[in-house]
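A short worksheet on the structure shown next.
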Amino acid sequence: MNLKGRHFLKLLDFSTAEIEYLVTLAAELKEMKQQRIFSDQHRGKNIVLIFEKASTRTRCAFEVAANDLGMHTTYLDPSSSQFGTKESVADTARVLSGIYDGIEYRGYGQDLIEELAAYSSVPVWNGLTNEFHPTQMLADLLTIREQFGRIKGIRLTYMGDARYNMGNSLMVASAKMGIHFTACTNAEYFPDDELVKKCREIAVYSGGSITLTEDIVAGTAGADVLYTDVWVSMGEDASVWKKRIEDLRPYQVNSDVMANASSEAIFMHCLPSFHDTKTVIGRDVFEKFGLAEMEVTDDVFESAQSVVFRQAENRMHTIKAVMMATL
Ligand code: CP
Ligand code: NVA
């Protein structure tokens with residue numbers, strides 16, 4: 001398997017075998033880190049991390065993974081570069097390619113990162129766009145494999161805003177890996193028709209399937225994984241909260257849906273999560289709408305079935321695998 005020089009923009013660009021290879025490499029790197037064995041085979045290299053939106057996990061995962069591989073990082077926050085405001089995407093790509101060995105980008109439209117990659121002569125890695133979050137997918141696949149000993153055949157139900165980066169990415173990852181994916185939500189929040197069609201075509205070969213349903217009982221029955229994400233994503237206007245809460249409140253992950261899932265079911269979330277009122281936004285929503293828990297209830301989030309913090313740790317091992325493989 002040779003992924004040297006490849007960009008990592010979305011899982012649609014990778015074969016099932018390539019994705020499996022990255023997950024396996026990540027598992028090996030995790031094992032090595034646990035034994036305190038480090039391979040600084042990329043010593044002397046430099047990478048740049050462009051964040052046009054906030055981040056805890058993705059930024060920290062890239063920085064620590066780079067460090068473990070012997071590399072240096074430059075972090076560019078949303079206001080401290082010329083990107084997009086004073087310098088075009090194409091010009092930025094050519095400038096940074098001359099200085100760095102790899103470029104991480106978190107931003108808005110997928111078209112921006114695709115353009116960045118088209119003009120870059122070094123690998124570009126997607127740290128989240130509105131449409132896709134591919135490094136999160138590798139962490140989730142590793143977590144699922146650790147939990148169940150396999151990925152193929154797993155039944156994963158996603159509840160909430162399934163037309164944004166997490167819903168789209170989980171559907172693509174499922175299609176590629178033979179997972180039975182269900183988007184269980186208000187039909188207004190089903191993923192884009194064209195992407196659904198593409199994923200169904202891919203799933204024919206992997207043995208997976210794609211189901212879209214508004215029926216909570218049917219959609220969660222026997223699921224191995226119940227997955228959700230915030231109802232309002234970064235970059236969306238705060239004015240959408242009211243309608244989002246009305247539309248998605250019935251699709252909250254709570255103890256009823258967990259009880260309807262498989263007895264071995266796990267709860268997953270990419271994080272950050274609104275499961276209490278201990279955040280500024282969480283408190284604000286509580287004051288305005290009287291809702292103390294949003295996409296997941298606190299009891300499910302804190303339950304033994306919740307693997308969210310292992311998922312978060314796995315971001316680092318999988319991002320390290322992506323950099324290892326592509327540099
Ligand atoms: N899951 C995730 O991408 O988290 P951050 O926004 O903290 O990077
Ligand atoms: N849908 C969320 C994912 C965060 C990791 C967002 O885009 O804000």
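Throughout, read-outs are computed from the coordinates displayed, never taken from laboratory work. Source: prediction; values computed, not measured. With ideal geometry, Cβ positions are generated from the backbone for all residues, glycine too; neighbour counts draw on all protein chains shown.
General remarks:
- The residues listed here are Arg155, Arg106; of these, the one that is within 16 Å of Ala223 (Cβ to Cβ) and of a type in the set (D, E, K, R) is Arg155.
- Subset of the stretch 139-167 [part of a helix (DSSP H, G or I) and surrounded by fewer than 24 Cβ atoms within 10 Å (Cβ to Cβ)]: Thr143, Arg145, Glu146, Gln147, Phe148, Asn165
- The stretch 45-95 - residue that is of a type in the set (D, E, K, R) and more than 15 Å from ligand 1 (Cβ to nearest atom) and, of those, farthest from Trp125 (Cα to Cα): Lys86
- Note on the stretch 220-235: among residues that are closer than 11 Å to Ala162 by Cα and not charged (D, E, K, R), the one that is farthest from ligand 2 (Cβ to nearest atom) is Tyr227.
- Thr16 within 23 Å of Met137 (Cβ to Cβ) and in contact (Cβ under 8 Å) with a residue 24 or more places away in the chain: yes
- Matching residues, the stretch 169-207, being assigned to a helix (DSSP H, G or I), within 16 Å of ligand 2 (Cβ to nearest atom), out of contact with any strand residue (DSSP E or B) (no Cβ under 9 Å at 6 or more places or on another chain) and within 22 Å of Glu246 (Cα to Cα): none
- Within the stretch 119-140, the set of residues being of a type in the set (A, V, I, L, M) and either more than 18 Å from the chain's Cα centre (by Cα) or within 16 Å of ligand 2 (Cβ to nearest atom) (or both) comprises Val122, Leu128, Met137, Leu138, Ala139.
- Residue ranges of helices (runs of 4 or more DSSP H) in the stretch 56-138 with at least 2 members farther than 30 Å from Ile37 by Cβ: 89-99, 110-118
- Residue check, Pro123 crowded, with 22+ Cβ neighbours inside 10 Å, within 16 Å of ligand 1 (Cβ to nearest atom) and not hydrophobic (A, V, I, L, M, F, W, C): no
- For the stretch 239-249, the tally of residues that are more than 13 Å from ligand 2 (Cβ to nearest atom) and either free of Cβ contacts under 8 Å to residues at least 60 places away in the same chain or under 23 Å from Ser55 (Cα atoms) (or both) stands at 7.
- Restricting the stretch 55-96 to residues that are surrounded by fewer than 17 Cβ atoms within 10 Å (Cβ to Cβ) and basic (Lys, Arg), the residue that is farthest from ligand 2 (Cβ to nearest atom) is Arg94.
- Test: residue in the stretch 97-112 that is of a type in the set (A, V, I, L, M, F, W, C) and within 16 Å of ligand 2 (Cβ to nearest atom): yes
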